[in-house]
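Report on the structure given below.
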Amino acid sequence: MYQIFSDGRRKIKKRSFIFKQVKSLANANIDLSDHRDIYSEDLDYKCECWKRVTISGITASELDTVQLFKAAINTDFPSLQPQFNGECYLINRTKQLVLNLYDDRGMDIVSNNKESLNGLYKSHNMLILDYDREHIDKVFS
């Protein structure tokens, strides 16, 4: 899933970087949608929204994850390529995991199933940020 914040003019186009990272879109399900904050009091509300594309029905092997990760890491460095100007979430429905590599500082991996995260917690414990450590340790203790 990839999303960008739009003032009403920005759109996610089929020729964009994100679509080029899928080896074949032939069997993919593509869903383009707009999402608005229903609680906003802003006068520009009608045109501002999150433009979102969800590409499902594909496997991780059908994605160029190296390029996606590079693009996310390069977000804060305008001179580096590739990059994108949005948020990208990799969702593994089988393992019930969501991965968001947000920039060069790190990533979030979340699940509503503790067992799905247990192996990662054990093997990559040293990578947990200090400000999250106490909470995460309590979850897995």
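For Cys49, the conditions (1) open to solvent by 60 Å² or more (accessible area, probe 1.4 Å); (2) modelled with pLDDT under 90 are fulfilled apart from (1). The single condition among (1) hydrophobic (A, V, I, L, M, F, W, C); (2) within 20 Å of Arg15 (Cα to Cα); (3) without any contact (Cβ under 8 Å) to a residue 40 or more places away in the chain that Leu117 does not meet is (2).
Conditions (1) aliphatic (A, V, I, L, M); (2) in contact (Cβ under 8 Å) with a residue 40 or more places away in the chain; (3) loosely packed, with under 14 Cβ neighbours inside 10 Å, marked per residue:
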residue: Gln81; (1), (2), (3): no, no, yes
residue: Gly86; (1), (2), (3): no, yes, no
residue: Arg93; (1), (2), (3): no, no, yes
residue: Leu99; (1), (2), (3): yes, no, no
residue: Asp108; (1), (2), (3): no, no, yes
residue: Lys122; (1), (2), (3): no, no, yes
residue: Met126; (1), (2), (3): yes, no, yes
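On inspection, Ile4 does not qualify as in contact (Cβ under 8 Å) with a residue 60 or more places away in the chain and either open to solvent by 60 Å² or more (accessible area, probe 1.4 Å) or under 30 Å from Glu115 (Cβ atoms) (or both). Suppose the filter is part of a strand (DSSP E or B), within 13 Å of Tyr2 (Cα to Cα) and open to solvent by less than 80 Å² (accessible area, probe 1.4 Å); does Asp34 pass it? So Asp34 passes the test.
I'm checking my understanding of the structure. Among residues of segment 66-97 that are of a type in the set (Val, Ile, Thr) and farther than 19 Å from Ile12 by Cβ, which one is farthest from the chain's Cα centre (by Cα)? That would be Thr94. Against the numbered list (1) among the hydroxyl-bearing types (Ser, Thr, Tyr); (2) farther than 26 Å from Asp130 by Cα; (3) under 18 Å from the mean Cα position of the chain (by Cα); (4) open to solvent by 50 Å² or more (accessible area, probe 1.4 Å), Ser56 comes up short only at (4).
The values are calculated or read from the model by the stated rules, or taken from the named source; none is laboratory data. Keep in mind it's a predicted model, so treat the numbers as computed, not measured. Don't worry about glycine lacking a Cβ; one is built from the backbone with ideal geometry, like all the others, and counts go over all protein chains shown. Keep in mind that these areas ignore ligands, DNA and RNA; they rest on the heavy atoms of the full protein, side chains included. Shrake-Rupley method; radii C 1.70, N 1.55, O 1.52, S 1.80 Å.
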